[in-house]
1. Report, by residue number, each residue of the range 148-173 that is open to solvent by 10 Å² or more (accessible area, probe 1.4 Å), in contact with a strand residue (DSSP E or B) (Cβ under 8 Å, 6 or more places away or on another chain) and within 15 Å of LYS44 (Cβ to Cβ).
2. Looking only at the range 184-193, how many residues end up being open to solvent by 20 Å² or more (accessible area, probe 1.4 Å) and under 17 Å from the mean Cα position of the chain (by Cα)?
3. Please state which of the following conditions GLY41 fails to meet, knowing it meets all the rest: (1) open to solvent by 50 Å² or more (accessible area, probe 1.4 Å); (2) farther than 17 Å from ASP159 by Cα; (3) modelled with pLDDT under 95.
4. Looking at (1) within 25 Å of THR27 (Cα to Cα); (2) touching a residue at least 24 places away in the same chain (Cβ under 8 Å); (3) open to solvent by 10 Å² or more (accessible area, probe 1.4 Å), can you tell me which one ALA131 breaks?
5. Checking GLY53 against (1) without any contact (Cβ under 8 Å) to a residue 12 or more places away in the chain; (2) of a type outside the set (A, V, I, L, M); (3) touching a Pro at 6+ places or on another chain (Cβ under 7 Å), only one condition comes out false. Which one?
6. Picking from ILE213, ILE176, which residue would you name as being in contact with a Phe, Trp or Tyr (Cβ under 8 Å, 6 or more places away or on another chain) and either surrounded by fewer than 16 Cβ atoms within 10 Å (Cβ to Cβ) or at pLDDT 95 or above (or both)?
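The values are calculated or read from the model by the stated rules, or taken from the named source; none is laboratory data. Nothing here was measured: the structure is a model prediction, and the numbers come from that model. In this analysis, Cβ positions are derived from the backbone assuming ideal geometry, glycine residues included, and neighbour counts consider all displayed protein chains. For accessibility, only protein heavy atoms count, side chains too; no ligands or nucleic acids. Shrake-Rupley method; radii C 1.70, N 1.55, O 1.52, S 1.80 Å.
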Amino acid sequence: MNSILLQLENVRKEFSRRIIFDKIDLTLKNGNSIAITGINGSGKSTLVKIVAGILSPTRGALTLSVNGKEMKPEQYHNYIGFVAPYIQMYDEFSAYENLKFFARIRGLRFDKKYVDYMLDRVVLYDRRNDAVRTYSSGMKQRLKYAFALLHKPEVLIFDEPRANLDRHGVATVCEIMEEHKPDGVLILATNDQEDLSYAETVLNLDELRKARIEERQKQNSVTAKLT
């Protein structure tokens, strides 16, 4: 496994001039795991999208270094596996066709033996040639995990890891997280207490927001006294 250093420095995100979060600083390397938590709308999904290179921060910097060499943003996907309920697969393709397509985009050799193993692990091997449009929401979610692990990434980012999964699917995802923790980087966006137990560090975006409000109130108070 490659040596990973993932850093966020003074990251801020705004939408329509509304601050979602600000002054996010993180340093993650092999063996680190973190859970990002907070009420709905606090910015959990936005933050993990920034880490995955899907969104750009309004301010601040994200860097990913592999074996001491800083990667270009267009290279991030080679080292990151991302799963979220809102990611879409191609409904008209089968599981096999989806994975072959994404392997080709990434410039990967389609390792049929490994793909079969992953599809079996997420209980989709028997449906591997069926169109994804015939899958249930839980099956589609399990396919996303096979997709995220296709290139054996060093960084795994799971947004709401248990979304749309039954008990068996949750157990499989928990096994994946537990296996990845010792040597990889694991990032979770979740409010589930059981998911939080898989992270060594918890970043609570609610607490950061409250601290930002309190700091602004203090500054306003000081300004009012001076005037």
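1. Answer for the range 148-173, where residues must be open to solvent by 10 Å² or more (accessible area, probe 1.4 Å), in contact with a strand residue (DSSP E or B) (Cβ under 8 Å, 6 or more places away or on another chain) and within 15 Å of LYS44 (Cβ to Cβ): just GLU160.
2. Restricting attention to the range 184-193, the residues satisfying the condition of being open to solvent by 20 Å² or more (accessible area, probe 1.4 Å) are 191-193.
Filter once more, keeping what is under 17 Å from the mean Cα position of the chain (by Cα): 191-192.
Here the count works out to 2.
3. Of the numbered conditions (1) open to solvent by 50 Å² or more (accessible area, probe 1.4 Å); (2) farther than 17 Å from ASP159 by Cα; (3) modelled with pLDDT under 95, the odd one out for GLY41 is (2).
4. The one condition ALA131 does not meet is (1).
5. Only one criterion in (1) without any contact (Cβ under 8 Å) to a residue 12 or more places away in the chain; (2) of a type outside the set (A, V, I, L, M); (3) touching a Pro at 6+ places or on another chain (Cβ under 7 Å) is unmet by GLY53, namely (1).
6. ILE176
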